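The values are calculated or read from the model by the stated rules, or taken from the named source; none is laboratory data. A quick note: this is a predicted structure, and the numbers were derived from the prediction, not measured. Ideal geometry is used to build each Cβ from the backbone, glycine not excepted, and the neighbour counts take in all protein chains shown. Note: areas computed on protein heavy atoms with side chains; ligands, DNA, RNA excluded. Shrake-Rupley method; radii C 1.70, N 1.55, O 1.52, S 1.80 Å.
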Amino acid sequence: MEDMGGMRHHLMCPISLQPMQDPVTAPTGITYDRRAIERWLAAGHATCPVTGQPLALADLTPNHTLRRLIQSWRPTSSTPVGVGHRPDDVAADVAKKLLSAASCPPVDVLREAAEVAAQNDVARRNMVDAGVLQRVLRLAVSRAKIKSCHGDNKEVSLDDMATVTACLSLVRALVISGDELLPLVADNHVHELVDAVTDVLVALVPGPSDAARASAVQLLDAVTEACGAQVLERLRPELFRAVTAVVRDRLSPGATRSALRALLHACPVGRNRPLIVEAGAAHEAIELELDAPPPSSAAGSRRATELAMALLAELCACADGRAAVAAHPAGVAVVARRLLRASAAADACAVRVLVAVGGRAASPEVLREMARVGAVGKLCCVLQADCNAGVKEAARAVLRLHSGVWSGSPCVSAYLLSRYL
């Protein structure tokens, strides 16, 4: 009994002081019951109740591990939907509610379906087989595009936003990973799936729809990871602008990483690189790193730095990307600052960016900037550090290429250049 009492204490919501039903975790590491924290934020608060740090609805992440623990602890009489029943029966019941509705099903039905899918893999697969995935995707698109039927100046209503958010949450619960995504949809429907996610992201506006945008970009991350080149080369420019806006608006750390990954998946295919640059992705990746904490402070921050550096390295494979990095007032400085501070993967990408920007076509202004902000000194440090041999060789090559210019700069140690070259 003592163990059970201690367990109950850890399952209490800090706001309601009641056992949690649907736990969600904030970036501060504090877990709340979804209903309690949503009411707190809806009341006008914009901070975490426990830590006082800034908090938005889009920052909350479902805590599936804790939810399963709650289900195993909770007495049978209060067992949630799906627990204690045959998974196929539960899935059939929820799928019937969703598929039999002549119009839009209630939001609580969509949330119930997402909860059942997250709790039980058998129920999730049964719902997918019943056609729930296609149904909710079509519903999300229709709700998000309602404003186009009433004129461009009419925003999507809060009720429609709640429906879109619930639909996308259900889709994420049904689709565990990118590897599972494509087998769920016939090959001739893959383009429809990508177009559906694109339409949702493009139709949603910043502000009230941020939670739906975060869910949509996380789904897009899974879709673009699993899709082949034939699908990726058809991605529309407005999608790149919408995804870049997610990076710009900092909806949540998870949404930002998903947006960066989606852009990375699309980058090497067809004409996507210049289109992604045109959407402002290079600028926003640099701004993201300008505002970011030191990458060694947390795994999430380090991963975001790796993704931002990888995206910049991919974009610098085209002339527009190199020009965008060089044109940003802090572009070269940010890349140099991150070099040798995050991880080996980030180091390799940062060197690729500096080598591309400082290549044979580099202008005298760019070369002076690299010396002034310490990029040349960092490249010299790469030669001393325990880095990959290929990374060292790339750094050595660009140092040799411009050694005549940089050796005369007061910002560069001539000793370092002569020693390592």
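Structural remarks
- Computed with a 1.4 Å probe over protein heavy atoms only, the accessible surface of the stretch 294-377 comes to 38 Å² per residue.
- Using C-alpha pairs below 8 Å separated by at least 6 residues, the relative contact order for the stretch 221-285 is 45 percent.
- Rounded to the nearest Hz, the phi-derived 3J(HN,Hα) couplings of the stretch 130-143 under the Karplus curve 6.51 cos²θ - 1.76 cosθ + 1.60 (θ = phi - 60°) are 7, x, 5, 4, 5, 4, 6, 5, 4, 5, 4, 5, 5, 5, where x marks glycine and proline.
- Residue-normalised accessible area of the stretch 10-62, expressed per residue, 1.4 Å probe, Å²: 53
- Most tightly packed first, judged by the mean number of other beta-carbon atoms within 10 Å of their residues, the peptides 279-291, 363-375 read 279-291, 363-375.
- Residue by residue, the stretch 25-33 carries 3J(HN,Hα) couplings of 10, 8, x, 6, x, 8, 9, 10, 6 Hz when phi is fed to the Karplus relation 6.51 cos²θ - 1.76 cosθ + 1.60 (θ = phi - 60°); x denotes Gly or Pro.
- Our coupling estimate for the stretch 279-294, obtained by passing each phi through the Karplus curve with A = 6.51, B = -1.76, C = 1.60 and θ = phi - 60°, is 6, x, 5, 4, 4, 6, 5, 5, 4, 4, 6, 5, 8, 6, x, x Hz, Gly and Pro reported as x.
- Of the solvent-accessible surface of the stretch 10-62, computed with a 1.4 Å probe and all protein chains present, 54% belongs to carbon and sulfur.
- Between the stretch 371-396 and the stretch 319-343, the alpha-carbon center distance in angstrom: 14
- Taking only protein heavy atoms and a 1.4 Å probe, the accessible area of the stretch 292-420 is 55% carbon and sulfur.
- Ordering of 251-259, 52-60, 313-321, 226-234 by burial proxy (mean other Cβ atoms within 10 Å per residue, highest first): 251-259, 313-321, 52-60, 226-234
- Per residue, the average separation of C-alpha pairs within less than 8 Å and at least 6 apart gives the stretch 292-420 a relative contact order of 22 percent.
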